[in-house]
1. Quick one: which residue in Thr51, Thr32, Thr59, Thr39 is under 24 Å from Val146 (Cβ atoms) and either among the β-branched types (Val, Ile, Thr) or open to solvent by 10 Å² or more (accessible area, probe 1.4 Å) (or both)?
2. Just to verify a result, which residue in the stretch 272-290, among those that are of a type outside the set (A, V, I, L, M), in a loop (DSSP other than H, G, I, E, B) and closer than 16 Å to Glu191 by Cβ, is most open to solvent (accessible area, probe 1.4 Å)?
3. State yes or no: is Ser12 surrounded by fewer than 19 Cβ atoms within 10 Å (Cβ to Cβ) and modelled with pLDDT under 95?
4. Any idea which residue in the stretch 296-330 is surrounded by the fewest Cβ atoms within 10 Å (Cβ to Cβ), counting only those that are aliphatic (A, V, I, L, M) and in contact (Cβ under 8 Å) with a residue 40 or more places away in the chain?
5. Within the stretch 153-164, count every residue that is under 17 Å from Gly78 (Cα atoms) and open to solvent by 10 Å² or more (accessible area, probe 1.4 Å).
6. Only residues that are out of contact with any Cys (no Cβ under 8 Å at 6 or more places or on another chain) and under 25 Å from Thr134 (Cα atoms): list them for the stretch 30-60, please.
7. Anything in the stretch 332-353 that is outside any strand (DSSP E or B) and over 30 Å from Gly48 (Cβ atoms)? List them, or say none.
8. Answer yes if at least one residue in the stretch 309-327 is in a helix (DSSP H, G or I) and either at pLDDT 95 or above or closer than 21 Å to Gly56 by Cβ (or both), and no otherwise.
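The values are calculated or read from the model by the stated rules, or taken from the named source; none is laboratory data. These numbers were taken from a predicted model, which means no experiment stands behind them. Please note: Cβ atoms are built from the backbone with ideal geometry, for glycine as well, and neighbour counts cover all protein chains shown. Side chains included, ligands, DNA and RNA excluded: accessible areas come from the protein's heavy atoms. Shrake-Rupley method; radii C 1.70, N 1.55, O 1.52, S 1.80 Å.
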Amino acid sequence: MKVTKQKFGLLSDGTKINLFTVKNDNMSFSCTEYGCTITSIVLNNKDGTKTDVIVGFPTFEAFINNRSFFGAIIGRFGNRIGNASFTVDGVKYKTDANEGKNTLHSGFNGFDKMIWKPKVIKSKHYCGVKFTRTSPDGEQGFPGNVNFEINYLLDNKNNLTCYYTAVTDKETPVNITNHAFFNLAGTGSVENHVLQMNSAYTLDIDKGLIPTGKFLPVEGTAFDFNKPKAIGKGIKETGVGYDHCYVTEMYNPENPQCAMPLTCDDLVEFATVTEPVSGHEMSVYTNMEGCQFFTANFFNGIKLKNGVPYPNHGAFCLETQAFPDTPNKKEFPSCNLKPGQKMKAKTVYSFKI
């Protein structure tokens, strides 16, 4: 395994942005300190060709000028906060209302547009990049000075591990996720991808996609992927497509006492996705209680890598995370990080080639 570094682009103030590429014998991934963004995951096919299974922009300038979150880290709070506010210890905090009256992905100035400090990580078993940054008290409206560490690590078994840690000097909600868009064929629609998810429930949501606090059984509905099913089968029954938070086996709504804290190192196998033509397969393991399944419902022919237009449902996201609007939902396991605690969130994307 090896890690290489090259120039990716320049900011308007002249700051150089690097692109790090991590390779083993079967695959590689690239990432940058701009938003801790994963720009590609390239699989080496048996016939000598390569497939980039990450959907995103072809140039650094495109990442700067667009906020579609392609491959970026999302924080301090991924997904949505209802009414752009929450309360901690009796103090009400306001966040940006950047999606109607609600906050999406922490508002107008998210982690996806920030510059992180990179460090190459090499060991006998894996290689990768660690990114660090301190989010100051009051940033995005959140309390506390929080030290974040984002690790992307590749091993020889084709496992890409995303490992996030955080410590704070003041109680604050924390919900970190990566917003990678996947297409295991590299192009076209993902409706023929076959998905299986170990999840008995989705979160009930209102018209603004804010959870109501209720858990909806998926059995017998278009949201049921407990047995392998093509993503496109039943997608029209959802409206425009999937944009729903599924409950992983880390949390049991019928017995909330079994909830696993964010400091848990145990992982559950949540999902497996297979592209039937190429045979590419990706499994997802996590210690998070939720996963937002999104089917890129508004691509509308957007031109991305290689100038290729992508249709609606031209990618899918599996964003492992705490439940949306957790700071305002007593029904959900808390995602508040307190002084003296360490958040340890982990997700593994495992590829069969």
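1. Thr32
2. Looking at residues that are of a type outside the set (A, V, I, L, M), in a loop (DSSP other than H, G, I, E, B) and closer than 16 Å to Glu191 by Cβ, I get Pro276.
3. Numbers: surrounded by fewer than 19 Cβ atoms within 10 Å (Cβ to Cβ): yes; modelled with pLDDT under 95: yes.
Spelling it out, Ser12 is indeed surrounded by fewer than 19 Cβ atoms within 10 Å (Cβ to Cβ) and modelled with pLDDT under 95.
4. Within the stretch 296-330, the match that is surrounded by the fewest Cβ atoms within 10 Å (Cβ to Cβ) is Val308.
5. Qualifying residue count for the region: 1.
6. Answer for the stretch 30-60, where residues must be out of contact with any Cys (no Cβ under 8 Å at 6 or more places or on another chain) and under 25 Å from Thr134 (Cα atoms): Ser30, Cys31, Thr32, Glu33, Tyr34, Gly35, Cys36, Phe60.
7. Of everything in the stretch 332-353, those that are outside any strand (DSSP E or B) and over 30 Å from Gly48 (Cβ atoms) turn out to be Phe332, Pro333, Ser334, Cys335, Lys338, Pro339, Gly340, Gln341, Lys342.
8. yes
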